[in-house]
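Each value in this text was obtained by applying a stated rule to the coordinates, not by laboratory testing. Please read these numbers as outputs of a predicted model, since none were measured by experiment. Cβ: placed from backbone, ideal geometry, glycine included. Neighbour counts: every protein chain shown.
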Amino acid sequence: MNIAFIGCMVMSREIGYETFQSKNMVHTWWLQQGLHDTPKVLTETLQKTIDEVEKYNSRMDRKKRFDYICLGYGLCSNGVVGIHSNTIPLIIPRCDDCIALFLGSQARYQRLFHKYAGVYWYNTGWIEQAFTPSKQRYEQLKEKYLEKYDEETVEYLMEKEIEWVKKYKYSVYIESPLCRREEHEIYAREAAEAFGWRYKKEKGDMTLFHGLLNGPWPEEYFLACPPEHEVCAEYSERKIKAIPWKNR
C-alpha cells in the first residue's frame, strides 16, 4: 500500500521508526505542535493539508498514488470533526488524543487517566517539541518579564502563570520503547518536585503507531472514513464516526 501520513511533530521519532520498518510506502506531512489548543485552527489546518495531499496525489503516477491518508490524531478537542476527503479514505485512531497513541491504546489511556487523577503527561516528543512546564522554563519566563516590568508586577504575572498548576497532582513520564532519554525523565521528575506533584513513570507502547502505518485497521480501534464522507464526533467509546455529505 501507499500511505500519506499527516501528524504532529511530537510523534516524529515514533513515526520515523515505523516508516522505516513498514512494508508500505509512507510519505509524511508534519504539522506544528499546539494546534489542538485552538480546535478550529487544527480542523482548518488538517483540511488544508488533506486537500494538499489530494492535489499532490492527482499529479503522481497511478502506481504510486496513495491508497489511504492516515492521521496521527484522535478526537483532539474535536479538531478532527468536519474533516473530509474527496478521493482518498481517511484512517483515524479511535482515541481522545495523542497520549493514547504513545500509550498503545485508548483503553490503557483511560485506565491510567483514572489511576492518576490530575495528571500532566511528559514524554520525549512533548519535551522536545512543545511547551512543557518546568522550573527552568518558568525561570526563563521570569527573566523575560523582568526585562519589561518591575519586580512587583513580575511576581503577580508569575503567580497567574502557575495558577493552573494547583489543578494537577501527578507528573507521569511516558518512557519511549525505542530509546531511553534519561535527561527527559529527569526533566519530568524535577517538574514534579518544583510544582509539588507526585512523579510516576509508565512504559510507552508502539501498538497504535504500528497499526496506523501498517494495517489492517480493525473497526474497534480505527475509523475508516470513505471519500465524500466527513468525520463526526460520536459520544461513546468509539469517539468518531463517518457520515455521507448528503446527510450534513
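Brief remarks follow.
- Translational D in µm²/s for segment 143-248 (Stokes-Einstein at 25 °C, 0.890 mPa s, Kirkwood Rh from C-alpha pairs): 132 µm²/s
- The Stokes-Einstein estimate for segment 180-226, based on a Kirkwood radius over Cα pairs and taken at 20 °C with 1.002 mPa s viscosity, is a diffusion coefficient of 156 µm²/s.
- Over the chain, the reciprocal of the mean inverse Cα-Cα separation, the Kirkwood hydrodynamic radius, stands at 19.5 Å.
- Highest-fluctuation residue, GLU202, GLU163, GLU182 considered, GNM on the chain with Cα pairs under 10 Å: GLU163
- Folded to 0 to 90 degrees: helix 135-146 orientation relative to the chain principal axis, Cα: 70 degrees
- Of all DSSP bridge pairs formed entirely within the chain, close to 30 percent run antiparallel.
- With each label modelled as a point 7 angstrom along the Cα→C-beta vector, the ILE186-TYR235 pair spans 4.8 nm.
- Taking amide H positions as modeled 1.01 Å from N, with prolines and chain starts lacking one, the residues under 5 Å from LEU223 and 5 or more places away or on another chain are ILE92, ARG94.
- Virtual paramagnetic centre 7 Å along Cα→Cβ of LYS115, amide N under 17 Å, in segment 141-180: 169-177
- DSSP loop chymotrypsin sites (Phe, Trp or Tyr not before Pro) with at most 13 other Cβ within 10 Å: longest gap in the chain: 1-130
- Highest average packing first - 82-89, 31-38, Cβ atoms within 10 Å: 82-89, 31-38
- Between helix 39-58 and the chain: long-axis angle, C-alpha atoms, 0 to 90°, nearest 10: 40 degrees
- The chain, helix-only ellipticity at 222 nm - DSSP H runs n ≥ 4, -39,500 (n - 2.57), divided by all residues, nearest 500: -12000 deg cm²/dmol
- Overall form of segment 123-195 per C-alpha gyration tensor (a/c, 1.5; a/b vs b/c): prolate
- Entry for segment 58-173 at q = 0.22 Å⁻¹: log10 I(q)/I(0) = -1.24, Debye formula applied to identical alpha-carbon scatterers, no solvent contribution.
- Amide N proximity, segment 188-221 versus MET60 label position 7 Å along Cα-to-Cβ, cut-off under 20 Å: 210-217
- Note, ³J(HN,Hα) from phi for segment 200-212, Karplus 6.51, -1.76, 1.60, rounded to Hz, x at Gly and Pro: 9, 10, 10, 6, x, 9, 8, 3, 6, 4, 5, x, 4
- Counted residue by residue at 0.36 nm each, then reduced by the alpha carbon distance between them, the extension gain from LYS48 to GLU163 reaches 37.8 nm.
- C-alpha long axis of helix 106-115 to longest principal axis of the chain, angle in °: 20 degrees
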